[in-house]
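To start, the structure itself, in structure tokens.
The values are calculated or read from the model by the stated rules, or taken from the named source; none is laboratory data. Every value quoted in this text rests on a predicted model; they were computed, and no experiment measured them. Here the Cβ positions follow ideal geometry from the backbone for every residue, glycine too, while neighbour counts run over all protein chains shown.
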């Protein structure tokens, strides 16, 4: 039975409200004790974490593996996730093989066991081939290991279908993750309808395409009693209507936004920069600022990396043809650390949005450092600054709008079930 | 603190009067716009000669790469290149390997390998010309002949040139652009160019369905009443209306459009007595402009076409002159 102690680190566990110096002792892949060495415990390995933060492994609610073979993608993107401190990734259903049948989920999980040390939690497709027509076998997908169902980036065509999909998922107590996007207002759009896209003549969709979908989804969640999670919000109006529609606190509705949305605006599109080809798009500065307020006031429950590595060839085309998505896993914690500083919020408040909150939304047992919990954690050095360069990244995609930026904080080591699965070369 | 990401702008030509690419008016300095217009004046004289040819670009090869149909722009670029003694090859969408699935990037690399000096490109996607420029080597120039709804810089230049022929300068003028501003690359480039040349007032006139939802990037006044928009104008520019605006349910009918937004002699009477009427062509008589107005002496639509040759000569000459002389291979 392997044992490990991580000593002298600054431990932050938002779930239990712990924030201070403490040793942590791990046995058989689970957290055995926090504080003094328990009687009879002998650490086979002891790591000195002085000067480092000891954090629960991050739980990401929207992870994409990108293209290529499944084995390769699990390997490179798994490494990227672990290097970013992500130990549990909820996998979007719109992978190279769509997760719309139990066999696809079985195959994914079998490959994941072979090729990735990160925990994979598949999100099943809500409709067959994500076509928005026929429902998938929700119960079978749940039995195969899906933690939730989702339509990926493809909105359902109408409210009747959305209602039925929510009703059916609720029958099996499966949460549904939805990207709010009204289909007709966002058709063909590649940018936010604002001054920049208008200047560049790009097909664009208004922020209302998102906020209208939020209204439809939340009202149908009320009608059906389904548990709904709104993914990747990007518009100020989305938060405004969400706050209004959920003010009675009777619904099981949660929401996240991608960390890059808290930094980027439509102005990044200047010069048709494909590393700003995002879905949802970066919007106006006022939208970004509202999202920041939504974080501060708890209107948003979770933050995600929205990791989506796109092969070079699909980015080397004119902007409107480029596939949306950026590599993001390795920047998640640094950008969150910096955001806490900029918003003058306790880091623990934002860390909850990367750990305990997403774990609760996806109904996972991870995301905290309670006694008996899986020993998934990461060691983070907030004093290290680093510049985002291709050679620093493990992901096969180097497409990120933060390339060349200098960021604060670096994951030094990552553990899954008590086993060290990543270490920064200059770290532990 | 995070450094804001640098946009991948295609090689800024800032501060210089010259530019290697012609992608969008917005990429250029006002001095570049003025220099091209000045150069075009001397080329206009060449176009009027019995022997319409000067040896400025002898030995250079231009490629007309048109992924969208065009007659006027394509032919005037071809004539402009020939007047400068360059060799010209013209390919249209049906003839390109794009039909066989070749990517735009591969097409570019092939043309570079063939030693083409200037690619004149028209493409349905906004940003296509900028994309080629981003990936082009130092010995090639990209000239945008229209990309999606983004830009049509040479049309804007020839429009400004035509205005200056009649009004001496753009500064101090009141100009109205009437029609489908929202989808128009001509309007976008023209708004930039007129702004750079210090137009006094720029009015945009269209129903809301054809007007951009945000004009923050431009110094322009949106209007919905045509009579109001043309009152006291020095220049009125009508834009072509695409038939698909009806099937997209942005407009009810051509008849209603003409009744409220079609330019007529009655409108011209509201403008200044010496006002000119322009149109980038091809015109839909009885839709965006009344047939008799199109033939009126105050309509300078055919002069625009002639000027297009001189302006495109000036653009080609400047771009080639700005190429870095790096030995290829």
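Every residue in the range B:28-63 that is closer than 14 Å to residue B:91 by Cα and in contact (Cβ under 8 Å) with a residue 60 or more places away in the chain, please.
Here is the first cut: in the range B:28-63, the residues closer than 14 Å to residue B:91 by Cα are B:61-63.
If the condition is that a residue be closer than 14 Å to residue B:91 by Cα and in contact (Cβ under 8 Å) with a residue 60 or more places away in the chain, then B:62 is the only one that fits.
Matching residues to (1) under 18 Å from the mean Cα position of the chain (by Cα); (2) over 26 Å from residue A:421 (Cα atoms); (3) surrounded by 20 or more Cβ atoms within 10 Å (Cβ to Cβ):
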{"residue": "A:106", "(1), (2), (3)": "no, no, no"}
{"residue": "A:120", "(1), (2), (3)": "yes, no, yes"}
{"residue": "A:142", "(1), (2), (3)": "no, yes, no"}
{"residue": "A:145", "(1), (2), (3)": "no, no, no"}
{"residue": "A:164", "(1), (2), (3)": "no, yes, no"}
{"residue": "A:181", "(1), (2), (3)": "no, yes, yes"}
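Going by what's in this entry, would residue B:78 be described as on the phi < 0 side of the Ramachandran plot, modelled with pLDDT of 95 or more and surrounded by fewer than 20 Cβ atoms within 10 Å (Cβ to Cβ)?
On the way: on the phi < 0 side of the Ramachandran plot: yes; modelled with pLDDT of 95 or more: yes; surrounded by fewer than 20 Cβ atoms within 10 Å (Cβ to Cβ): yes.
Answer is yes for this residue.
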Might you let me know whether the range B:5-12 holds any residue that is modelled with pLDDT under 95 and more than 14 Å from every other protein chain (Cβ to nearest Cβ)? no
Kindly evaluate residue B:144 against the criterion of being more than 21 Å from residue B:72 (Cβ to Cβ), outside any helix (DSSP H, G or I) and either away from chain A (no Cβ under 14 Å) or in contact with a helix residue (DSSP H, G or I) (Cβ under 7 Å, 6 or more places away or on another chain) (or both). no
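In the range A:313-335, how many residues are within 12 Å of another protein chain (Cβ to nearest Cβ), in contact with a strand residue (DSSP E or B) (Cβ under 9 Å, 6 or more places away or on another chain) and assigned to a helix (DSSP H, G or I)?
Keep residues of the range A:313-335 that are within 12 Å of another protein chain (Cβ to nearest Cβ), which gives A:313-322, A:326, A:331, A:334-335.
Still in the running and in contact with a strand residue (DSSP E or B) (Cβ under 9 Å, 6 or more places away or on another chain): A:318-320, A:326, A:331, A:334-335.
Add one more test, that the residue is assigned to a helix (DSSP H, G or I), and what stays is A:319-320, A:331, A:334-335.
Selection size over the range A:313-335: 5.
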Identity of the residue in the range A:208-236, in contact (Cβ under 8 Å) with a residue 60 or more places away in the chain and touching a strand residue (DSSP E or B) at 6+ places or on another chain (Cβ under 7 Å), that ends up farthest from the other protein chains (Cβ to nearest Cβ): A:226
Hey, can you tell me all the residues within the range B:109-133 that are within 14 Å of chain A (Cβ to nearest Cβ), surrounded by fewer than 23 Cβ atoms within 10 Å (Cβ to Cβ) and part of a helix (DSSP H, G or I)? B:109
Name the residue, out of A:288, A:283, that is within 14 Å of chain B (Cβ to nearest Cβ) and either in a loop (DSSP other than H, G, I, E, B) or at pLDDT below 95 (or both). A:283
Condition broken by residue B:269, with the remaining ones in (1) at pLDDT below 95; (2) part of a helix (DSSP H, G or I) satisfied: (1)
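If a residue has to be more than 17 Å from residue B:199 (Cα to Cα) and within 14 Å of chain A (Cβ to nearest Cβ) to count, how many in the range B:156-183 make the cut? Step through it out loud before you land on a result.
Going residue by residue through the range B:156-183, those that are more than 17 Å from residue B:199 (Cα to Cα) are B:179-183.
Imposing the further condition that a residue be within 14 Å of chain A (Cβ to nearest Cβ) reduces the set to B:180-183.
Counting residues in the range B:156-183 that are more than 17 Å from residue B:199 (Cα to Cα) and within 14 Å of chain A (Cβ to nearest Cβ) gives 4.
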May I ask you to list the residues in the range A:237-264 that are within 14 Å of another protein chain (Cβ to nearest Cβ) and out of contact with any helix residue (DSSP H, G or I) (no Cβ under 6 Å at 6 or more places or on another chain)? A:260, A:263, A:264
Can you tell me which residue in the range A:394-428 is nearest to the other protein chains (Cβ to nearest Cβ), limited to those that are under 13 Å from residue A:329 (Cβ atoms) and not in a loop (DSSP other than H, G, I, E, B)? A:411
Would you check if there is a residue in the range A:46-60 being at pLDDT 95 or above, in contact with a helix residue (DSSP H, G or I) (Cβ under 6 Å, 6 or more places away or on another chain) and closer than 27 Å to residue A:334 by Cβ? yes
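Residues that are on the phi > 0 side of the Ramachandran plot and buried (at least 23 other Cβ atoms within 10 Å of the Cβ): does the range A:356-370 have at least one?
Kept after step one, since they are on the phi > 0 side of the Ramachandran plot, are these residues of the range A:356-370: A:363, A:367.
Now narrow it down to the ones that are buried (at least 23 other Cβ atoms within 10 Å of the Cβ): A:367.
Scanning the range A:356-370 turns up at least one residue that is on the phi > 0 side of the Ramachandran plot and buried (at least 23 other Cβ atoms within 10 Å of the Cβ).
Somewhere in the range A:40-47, is a residue part of a loop (DSSP other than H, G, I, E, B), buried (at least 16 other Cβ atoms within 10 Å of the Cβ) and not assigned by TED's automatic domain parsing to the domain that holds residue A:278?
From the range A:40-47, those part of a loop (DSSP other than H, G, I, E, B) are A:40-44; that's our starting set.
With buried (at least 16 other Cβ atoms within 10 Å of the Cβ) added as a condition, the list becomes A:43.
Next, from what is left, pick out any that are not assigned by TED's automatic domain parsing to the domain that holds residue A:278: A:43.
Yes, the range A:40-47 contains a residue that is part of a loop (DSSP other than H, G, I, E, B), buried (at least 16 other Cβ atoms within 10 Å of the Cβ) and not assigned by TED's automatic domain parsing to the domain that holds residue A:278.
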Across the range B:184-205, what is the total count of residues that are within 14 Å of another protein chain (Cβ to nearest Cβ), over 14 Å from the mean Cα position of the chain (by Cα) and surrounded by 21 or more Cβ atoms within 10 Å (Cβ to Cβ)? 1
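Looking at the range B:277-292, can you tell me whether even one residue there is part of a helix (DSSP H, G or I) and in the same structural domain as residue B:163 (by TED's automatic domain parsing)? Even if it seems obvious, please write down each step before you answer.
Filtering the range B:277-292 down to residues part of a helix (DSSP H, G or I) leaves B:291-292.
Within this subset, residues satisfying the condition of being in the same structural domain as residue B:163 (by TED's automatic domain parsing) are B:291-292.
Yes, the conditions are met somewhere in the range B:277-292.
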